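Colleague: Just dropping this structure here.
The values are calculated or read from the model by the stated rules, or taken from the named source; none is laboratory data. The structure displayed is predicted, hence computed values, not measured ones. Cβ sites come from the backbone with ideal geometry, for glycine too, and all protein chains shown count toward neighbours. For the accessible areas, the whole protein counts, side chains as well, though only heavy atoms, and no ligand, DNA or RNA atoms are used. Shrake-Rupley method; radii C 1.70, N 1.55, O 1.52, S 1.80 Å.
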Amino acid sequence: MSRVSTKASKSRQAAQKNVEEKEIEEMELFGLLETDHTIKNAARCSRMPYEEPTAIERSLFSELLQFTQMTKIFMKIRNTALLIWHTNRCVECTIEDVKNRLNTPFKYYSILIRNIVHYLTRHGIINYGFFHHETHLELELPREHQSVLVIGAGAAGIAAATHLSNLGFRPTIFEARGRVGGRVASKSHNGGILEIGCDTLRNLDTSPISTLLAQLDIDTTFYMENELIYKDGHRLSKQRKHLFRTLYNQIERRTLVNYLNHVKEGSDLTQRMETLTKSLEKLRTAALMGEKKYNEIPKEDYIQRRSVTLTVQKATEKFDKAIEEFDALQAQLDAHKRNQTSKQYMTPDDFRDFNAHLGLEEYLSGTQLEKLQFSSNTREFMSQGAVASVTQGIAHIFTELAEKCKIPVLFDVKITEIDTSGKNSVRVKFQAPKGPATINFRYVVCTLPLGVLKKTIVNDQRAPTFKPSLPPKKVDAIKCLGFGLINKITMDFPEPFWSTRKGEQTQFVRIPEIIERNYMLSWTSPPNSKTISTSIVAQSTVHDKSADKHLDAAIKCLKEIFPDCPDKTLHGICTTWHTDPFAFGTGTFMSLRSEPKHFEDISEAIRTGDGMKRLYFAGEHTHATEYGTLDGAWLSGVRAATELADDHLGVGLIDGSEVQIPEADEEYFEPPPAELVEPKEEDI
């Protein structure tokens, strides 16, 4: 009996083992056992979902991804390519690399592997920035199709130019300033660097900038943000600090948002009633006129009297329905007025502390909250994990990248006109150091900031003009998107008198009076530095004050917390981004009129006279989710370069049979010379 049981037991165990081995083989086939966090982390760092394709992937591989089995195979290959790239971002991730990394049977999907690597490369998800090229492009572009002008040497312009170069184009950058970086401005002073624009790198785990830091071997200091909070010269306790942060996130902000939603609902109901009132008046007038006309018609004209009767009857029916709707709206509005919501939860003194958190919201969004769309959650912009500062300045990243990628940058070149009325090219007029000139470019990527575009649509002479005028949808988007302003005050002292630790950045918050909110609220000092900076987010009259007044106010604020603060600074800088003719502000925000569609409209390319898209747009203001950030600027430049390549080479370098190689034209387009010898008009 026991022997039979033993045999049966062994038989069941063997069967169970076979089932488990079969399940394991199936799981291995689709990579489901690869739970190592590294491959998931590679997808996360690439801003890609680990378990499912993106919308772009579903559109490009639509036929393939209709099947569950092929979708799993696709994800295995794609995630493997991401892992290879993030393992070593200094060397190109090639088709052979992916094949060699994959197990059987995945390595035999040669065409799919090829397509995926080309797609990831074309979209700047892998193989971007400065890296060692293991392979060469498989197509030769005619020289006249290689020349691209990129307007602006900020993060978006450098991203577009480097990516275009990697895709086989020959970009040239025209920059109005005398430096690379745009609104990323690093100024050398007293042996150190003053960041008068973007000063901190955040969310580096998922930021493409982290790839550039690794590729260029740039000296970077990482630290955690944990600022101290001072009120009336005294430091808030940890309990108090935690209390108000909790109240802010869980109660007060929700109270304020509910109040604003309540106000908006009342405004919408009132607007609907006003519209309905006008409609009722029109229907009433139509009925009265019909009745009058009916009385004027002779009784023997039966047909016309019947026609008028039907018209009056329809108008009366519409009037009755409108009255019912009006009464229902009136009831809703009355109920809405009875159910008032509170705007403020805290006591007045506590509200001052909470107001400082509102000031942080203004700092994160770059504008006053009264101008900000209250559905926007600026807390999404707060950094996750460590942040970083660059020893040589953040602008050094893009200067170094342009040099290593051998991107020609012509400085002090101000664009005056962009003309898309012709065929086969975009005509660009500009003011160079040697005088005005005009050049025709096959393609143009425009990274002019939103502040400059806002000046363009009102015909401000300080901004370039577009011929013909920009499309109405693009103009509306430019009007509706908000452009914020953060000015910085940076001061240099003989020695740091603030609390500092070696190798760590100093951060603290000074709770201002309620009417100030974000006037010199947040203060920072780089590691091992004798400089300290603060910011201003306020109405225009505050920004227009003289630098001396701002510096005096800053000294007064510091003395309130640190009595040892000197009466004067060795050197002080106050930025004026609002009057900068190449910026007119600092970053995009969602205004009360902004809608998601506006990001699509403002980034849409413009066609020339031959119907081809040739003028492309990039910049942080064209990114729907990362607007107002350095990451958004970079990603927008890559997106514009990808669109240009897709439009003129076909979607991705899939294989030789699917690549659309343009035929050579009689006109020949050369890149602009490094030096413009004489002001003249010429075709390039």
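Colleague: Quick one: net charge of HIS234's neighbours, Cβ under 13 Å, K/R +1, D/E -1? Before the final figure, lay out the partial values.
Modeller: Values: positive: LYS231, ARG235, ARG240, LYS241, ARG510; negative: ASP232, ASP353, GLU560.
Once positives and negatives cancel, what remains is +2.
Colleague: Same structure again: Figure the gain on full extension for LYS559 and ASN100 (residue separation times 0.36 nm, minus the Cα-Cα span) and round it to one decimal in nm. Mind showing how you got there, number by number?
Modeller: Details: separation 459, 0.36 × 459 = 165.24 nm, distance 6.35 nm.
Gain on stretching LYS559 to ASN100: 158.9 nm.
Colleague: Report ASP268's accessible area, 1.4 Å probe, all protein chains in place, as a number in Å² to the nearest 10.
Modeller: About 60 Å², rounded to the nearest 10.
Colleague: I'd like the FRET efficiency for THR391 and VAL91, computed as 1/(1 + (r/R0)^6) with the beta carbon distance as r and R0 of 30 Å, rounded to 0.05. Could the numbers behind the result be given before it?
Modeller: Values: r = 25 Å, r/R0 = 0.84.
With a Förster radius of 30 Å, E is 0.75.
Colleague: Normalise the Debye intensity by I(0) for the stretch 491-596, one equal point scatterer per Cα, no solvent, then take log10 at q = 0.20, 0.21, 0.24 Å⁻¹ and round to two decimals.
Modeller: -1.15, -1.22, -1.44
Colleague: Next question, about the same structure. Calculate, for LEU276 and ILE514, the FRET efficiency according to 1/(1 + (r/R0)^6) with r their C-beta to C-beta distance and R0 41 Å; round to the nearest 0.05. Mind dumping the intermediate values first?
Modeller: Values: r = 40 Å, r/R0 = 0.99.
My answer for the efficiency is 0.50.
Colleague: A follow-up question, please. For the stretch 263-338, which whole-number percentage of the solvent-accessible area (1.4 Å probe, protein heavy atoms only) is attributable to carbon and sulfur atoms?
Modeller: Details: 3210 of 5890 Å².
Its accessible area is 54 percent carbon and sulfur atoms.
Colleague: Would you tell me the accessible area of SER365, worked out with a 1.4 angstrom probe on the heavy atoms of the protein chains, in Å² to the nearest 10?
Modeller: 10 Å²
Colleague: When the chain is fully extended, how far beyond the present Cα-Cα distance does GLN373 get from GLU265, taking 0.36 nm per residue of separation? Don't jump to the answer; show the numbers that get you there.
Modeller: Details: separation 108, 0.36 × 108 = 38.88 nm, distance 1.47 nm.
Computed gain between GLN373 and GLU265 is 37.4 nm.
Colleague: Using R₀ = 22 Å, calculate the FRET efficiency as 1/(1 + (r/R₀)^6) where r is the Cβ-Cβ separation of ILE323 and TYR294; round to 0.05.
Modeller: 0.50
Colleague: Oh, and also: Express the accessible area of the stretch 263-338 per residue in Å², computed with a 1.4 Å probe while the remaining protein chains stay in the model.
Modeller: Values: 5890 Å² over 76 residues.
Ligands and nucleic acids excluded, the result is 78 Å² per residue.
Colleague: Stretch GLN66-LYS568 to full length: gain in nm at 0.36 nm per residue minus the Cα-Cα span?
Modeller: 173.8 nm
Colleague: Which trypsin sites (Lys or Arg not before Pro) in the stretch 271-358 pass both tests, a DSSP loop state and at most 16 other beta-carbon atoms within 10 Å? Don't skip to the end; give the middle numbers.
Modeller: On the way: sites: ARG272, LYS278, LYS282, ARG284, LYS292, LYS293, LYS299, ARG305, ARG306, LYS314, LYS318, LYS321, LYS337, ARG338, LYS343, ARG352; in loops: LYS299, LYS343.
Hits after loop and neighbour filter: LYS299, LYS343.
Colleague: Quick one: Karplus J couplings for the stretch 572-581, per residue in order, coefficients 6.51, -1.76, 1.60, θ = phi - 60°, nearest Hz, x for Gly and Pro?
Modeller: x, 10, 10, 6, 9, 5, 6, 10, 5, x
Colleague: If you don't mind, another one. With every protein chain present, what accessible area does SER636 have (1.4 Å probe, heavy atoms only), rounded to the nearest 10 Å²?
Modeller: Roughly 0 Å² of SER636 is accessible to a 1.4 Å probe.
Colleague: Let me ask another. About the Cα centre, and with charges only on the beta carbon of Lys, Arg (+1) and Asp, Glu (-1), how big is the dipole of the stretch 36-123? Nearest 20 debye, please.
Modeller: Details: 13 positive and 8 negative charges, 15 e Å.
It comes to approximately 80 debye.
Colleague: Enumerate the amide H contacts of SER147 below 5 Å, restricted to partners 5 or more residues apart or on another chain; note that Pro and chain-start residues carry no placed amide H.
Modeller: Long-range HN contacts for SER147: ARG170.
Colleague: Could you work out what % of the accessible surface of the stretch 42-179 is carbon and sulfur, using a 1.4 angstrom probe and leaving DNA, RNA and ligands out of the count?
Modeller: Working: 2840 of 5610 Å².
The nonpolar share, carbon plus sulfur, comes to 51 percent.
Colleague: Over the stretch 36-123, with the other protein chains present, what is the accessible area per residue in square angstrom, probe 1.4 angstrom?
Modeller: Values: 4340 Å² over 88 residues.
With the other protein chains kept in place, the stretch 36-123 gives 49 Å² per residue.
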